[in-house]
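Read-outs throughout are calculated quantities, based only on the coordinates presented, and are distinct from any laboratory measurement. Treat the numbers as computed from the prediction; the structure is a model and nothing was measured. FYI the Cβ positions are ideal-geometry reconstructions off the backbone, even for glycines, and counts take in every protein chain you see.
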Amino acid sequence: MSQCEVDVLLVFADPVLFPSVSPYGLDILGAQLSAIGLRVRTFLPMLEQDPVEAMRRVMVETRPQIVGFSFRNLDEAGFGIGPEEAEVTFIDCLVDLVGAAKNGRALLVLGGAGFSIAPTEILQITGSDMGFVGPSEMAFANFCVRVVKLGESPHEAARDIPNAAFPGHIPPSAVSAELGRPQGYSRDTIEWTKLTGGTIAVRTKTGCSRRCVYCVVPNIERQFFRSWGDIRAELAGIVECGLEDRVFVADGEFNLPSAEYAIAICRNIRRDFGEKIRWRCYLDPGSITVDLIDAMRASGCVGASLTSDSYTETGRGGMKKGASARDAVAASEALIHSGIGTTINIILGGPGETIETVTETALTARRFMEAGALIAVTIGLRVYPRTPLADMIKESCFKPFYRECERYRWLGTYCSPASPADLYDVISQILPPCGKIHYTHHMESDDRAYYRDIAHGAKLLADGNHTMAKMHFRSLTELHPTRLEARLGLLKAEVAGRRDIPSIPSD
């Protein structure tokens, strides 16, 4: 048997290349599978210059019995303002990758947050054999043992796994599941993260205690809190990789279910790591206190994205945000004045919004931009299956503002009181696009190709092929003279290449 062959091939199929975040779930899953004696390989086709062809090549090389595809997004939830942009999803990309893996032998299994949003629909579209809804690291590992080592059929192996999904069956609900720890991080993933200024994830919990109308999390994750021992070990591994300044706490909201919970995590980081760690997170504006901000700063927090969404009672009430508009304003002010780098996320056009309410939110956000915050603006909401918003748009008062996608009719967009394009005409007068005001939009194909080129260079660096890396990055700097990633790659290749030259012995 070839040394390249594996029992399980894990594929990170998410095409969002920037900002880069490591494939957290697959890193954990790879560790689980290795610990129980299965041969496993993790593959990131989107970091290849031709992902589909690379998928075919890896299938031939590894001859896996099971292929697990994981992806975290169905689309870029900020899908832009034009009606044609609302039709763009990542589903076709997934279909192509799954198609490249079909060889009549391997069992094709889907998972991850993106799959869990619409398991029935995605199984049918991709023609995959089955999937797992919600966090499933332990469940999938047990399933693989039963199939690979015991020779059981997929249905036999999944007989007592409540979140296993099969084509044509009613989709299961997510279950509460313990998160394991990654066994390690691949060299090319580490190099890619360094080159792109990306982050590496750690989670303190799964799930979320909020029930925002547009959010899929309550349906795909149940809340589970990790032990500090597991979190500490994971952070220690990140420090060993030299990525201690690139930590992203990938909780839905770091400070939920309470500020006290988050403060305890911060104090543990400070106690065990001192000033080594530099980290970022998402924050809910309803659970921010002076003590929390002080604890975050003391433990090395350098950036936070505040999910304010709206600064009016109408907007927040329509999206079921929980905290009041006054609390959201106070939280924004406190975070900005703390010195922690602050990004404020706003969503305009939610249920019940009017021109007056979106204008008020935009004016408030502009004031915070002038005080030093970055502003991320999304106009309109994606309507995902099995969310409260998917039920709301059936009501007569909301239905006029809903637009069903033409290709995948189980997806749609909502924007009130006008179309995204019309709202943009109003809001952009208050929040004109600039260095500190970003409107969410699709990554252009040229950008995707560029980051794949950067990923190829990262692999060359990680493999120690510094001469080829230097040639590769030099050509990229000529094609993209203003892009920092290519210039950094060239510098690293040149420095590493000089270090490889043996010294000339003196007489």
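Excluding residues on the same chain fewer than 8 positions from residue 459, give the lysines whose Cα lies under 24 Å from its Cα.
194, 470, 492
Name the residue farthest towards the positive end of the dipole of the chain from the options 475, 355, 83, assuming +1 on Cβ of Lys and Arg, -1 on Cβ of Asp and Glu, about the Cα centre.
475
Among DSSP beta bridges whose residues both lie in the chain, state the antiparallel percentage, nearest 5.
On the way: 11 of 53 bridges.
The answer is about 20 percent antiparallel.
With the cut-off at 1.5 for a/c, could you classify region 338-462 from its C-alpha gyration tensor as rounded, prolate or oblate? Intermediate results must be reported in sequence, preceding the final value.
On the way: a/c = 2.33, a/b = 1.25, b/c = 1.87.
The shape class here is oblate.
Defining a contact as two alpha carbons under 8 Å apart and six or more residues distant in sequence, what relative contact order in percent does region 191-432 show?
It rounds to 16 percent for region 191-432.
Give the aspartates and glutamates whose C-alpha is closer than 19 Å to that of residue 276, dropping any in the same chain fewer than 8 places away, or say none.
Filter leaves 230, 234, 240, 244, 245, 294.
Using alpha carbon centroids, what distance separates region 209-235 and region 406-440, in Å?
29
For 121, 404, which order do you get if you count the other beta carbons within 10 Å of each Cβ and list the fewest first?
Ordered by Cβ neighbours within 10 Å, fewest first: 404, 121.
If I take every Cα pair under 8 Å that is 6 or more residues apart in the chain, average their sequence separation and divide by the length, what percent do I get for the relative contact order? Let's see the in-between values first.
Values: 959 pairs, mean separation 69.1, N = 507.
Result for the chain is 14 percent.
Under 1.5 on a/c is rounded, so check that first for region 8-165, then, if it is not, pick prolate when a/b is larger than b/c and oblate when it is not; a ≥ b ≥ c are the square roots of the alpha carbon gyration tensor eigenvalues. Mind showing how you got there, number by number?
Details: a/c = 1.74, a/b = 1.50, b/c = 1.16.
Prolate shape, in that a/c is at least 1.5 and a/b is the bigger ratio.
If the reach is capped at under 29 angstrom between alpha carbons, list the lysines near residue 394, excluding any in the same chain fewer than eight residues apart.
Within the straight-line limit of under 29 Å, residue 394 reaches these lysines: 320, 321.
Would you work out the charge dipole size for the chain about its Cα centre, treating the Cβ of every Lys and Arg as +1 and the Cβ of every Asp and Glu as -1, and quote it to the nearest 20 debye? Before the final figure, lay out the partial values.
Values: 53 positive and 62 negative charges, 181 e Å.
It comes to approximately 880 debye.
How much length is gained if the chain between residue 258 and residue 474 is pulled fully straight, taking 0.36 nm per residue apart and subtracting their Cα-Cα distance, in nm to one decimal?
On the way: separation 216, 0.36 × 216 = 77.76 nm, distance 4.93 nm.
Roughly 72.8 nm would be gained on extension.
With 10 angstrom as the radius, rank 155, 472 by how many other C-beta atoms surround their C-beta, starting from the fewest. Spell out each step's value before the answer.
Details: 155 10, 472 22.
The fewest-first ordering by Cβ neighbours comes to 155, 472.
For region 191-432, what class follows from the C-alpha gyration tensor (a ≥ b ≥ c being the square roots of its eigenvalues): rounded when a/c is under 1.5, otherwise prolate if a/b is larger than b/c, else oblate?
It is prolate, given that a/c is not under 1.5 and a/b is the larger ratio.
Given contacts defined as C-alpha pairs under 8 Å and at least six residues apart, what's the relative contact order of region 445-500, whole-number percent?
Values: 43 pairs, mean separation 18.7, N = 56.
Relative CO of region 445-500 lands at 33 percent.
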